[in-house]
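This report refers to the structure that appears directly beneath it.
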Amino acid sequence: MGPQQKIDGVADVHYRRLQSVKGELESGAFFTTGSLTMQMESWVGAIEREWHQLRRADPTLDVEKFSRHVIAANKTGFLSPESLAAIANALLTSTLNHAPYLGRWLLERIGANRHPAWRTAMAISLVAPTGGDADFERGNAILEDVMKDETADGRLRGLAAAALADSARLGRGVQADVSRARSLYEQAIELGHKASAHNLGLFWEGVWGAEDRSCPGPHKGHAELSTRWR
């Protein structure tokens, strides 16, 4: 595997870890607090079962039906914004038929601009691209907004910075800019996105960015420092 393939592979893994999907939607974290009727408890249980089927890539899952259940749960206020983002991310990166398309559809239906986590998921869907056509300009613009949004969780801002760094490195919707890519990876790390240290380390090792003479060349010390964050 060549150096560029190695980098692109890392980027692909990065997107498929989308927010690391830390909200595993376990009981108590999946739904917002509130009393449930017996009928609602049955409905909630069905969504949780379908969620775990999705995570296992169970081919028997009716993905469209699950998506409709999620929309209904959102309308009643039982799903937290973070859980909705995790569900959308899981759909976008799923190998099940039509799941990525339904992930973007879900974000569009709930109004992705209403929460930073949803905006981030939509932006990465647009630049990756997953679930539909690419729109690099729009995706990058959303990422810029999330990164500058001081009300957004630092983890989300770090993810947005890392995705923008990938765009600057790859020339994805913007002119390739090694200096900007390096700076954005550094900002992403500061915001807690430790996975960015891998790509930054590859820069210091000279795997990418060497063609830009305006940037310093490989530096073993910096590479070792970046490795500590990986």
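What the table below lists for this structure:
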item	result
Which of Asp62, Asp133, Asp177, Asp145 has the fewest Cβ neighbours within 10 Å, and the rest in rising order	Asp133, Asp62, Asp145, Asp177
Residue order, fewest to most beta carbons within 10 Å, for Thr151, Thr120, Thr130	Thr151, Thr130, Thr120
Fewest-first sequence of Ser125, Ser94 by Cβ atoms within 10 Å of each Cβ	Ser94, Ser125
Spin-label model distance (nm) - Asn97 vs Ile71, 7 Å beyond Cα toward Cβ	2.0
Cβ-based net charge around Ala181, under 9 Å, with every Lys or Arg adding one and every Asp or Glu removing one	+1
Net charge over other residues, Cβ less than 12 angstrom from the Cβ of Gly111 (K, R count +1; D, E count -1)	+3
Local electrostatic count at Ala141 - Lys and Arg +1, Asp and Glu -1, tallied over other residues with Cβ under 14 Å	-1
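Only the coordinates and a few stated rules stand behind these numbers; no lab work does. Just so we're clear, the structure is a prediction, and the values are computed from it rather than from any experiment. Quick reminder, even Gly has a Cβ in these numbers, built from the backbone with ideal geometry, and neighbours come from all protein chains shown.
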